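What follows is one structure encoded as structure tokens, with my remarks underneath.
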Amino acid sequence: MHKPIITIVAMSVQPFDDVILEEVNVYERQNRLTISMTVSLKMHDDMLTLCERIQKQVIDDIYEMTGKEVVAVHLYVRHLVDGKNA
């Protein structure tokens, strides 16, 4: 049912070289979406800014492609990897 949204989320994180998308869950209530994403990230100088950029990109892309409001993007970082082990 939410496969198009999951596809949009995957496309949204694709430009971020430091991000590996592991899992996406979509919850919809009254045509408003909450997205939960689990990712692995390469070590980054400013992890908080990177996570905020990912969240904003997902929100903007979903709204642009579907017109649905995203009320939250919960971003869970499962693993941090350094550049040598990526």
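The values are calculated or read from the model by the stated rules, or taken from the named source; none is laboratory data. As the structure is a computational prediction, the values presented were derived from the model and not from experiment. So basically every Cβ, Gly included, is an ideal-geometry build from the backbone, and we count neighbours across all protein chains shown. Calculation scope for accessible area: heavy atoms of the full protein, side chains included, ligands and nucleic acids excluded. Shrake-Rupley method; radii C 1.70, N 1.55, O 1.52, S 1.80 Å.
Of the residues Tyr63, Tyr27, Tyr76, which is in contact (Cβ under 8 Å) with a residue 24 or more places away in the chain and open to solvent by 50 Å² or more (accessible area, probe 1.4 Å)? Lay out the reasoning, then the answer.
Values: Tyr63 fails: in contact (Cβ under 8 Å) with a residue 24 or more places away in the chain; Tyr27 fails: in contact (Cβ under 8 Å) with a residue 24 or more places away in the chain.
Criteria check complete, one pass: Tyr76.
Being in contact with a strand residue (DSSP E or B) (Cβ under 8 Å, 6 or more places away or on another chain), of a type in the set (Lys, Arg) and open to solvent by 50 Å² or more (accessible area, probe 1.4 Å) narrows it down to one residue among Arg53, Arg32; which is it?
Criteria check complete, one pass: Arg32.
Look at Thr7 and say whether it is of a type in the set (S, T, N, Q) and open to solvent by 40 Å² or more (accessible area, probe 1.4 Å).
yes
For His44, all conditions in the list (1) open to solvent by 20 Å² or more (accessible area, probe 1.4 Å); (2) in a strand (DSSP E or B); (3) in contact with a helix residue (DSSP H, G or I) (Cβ under 6 Å, 6 or more places away or on another chain) hold save one; what is the number of the exception?
Every condition holds for His44 apart from (2).
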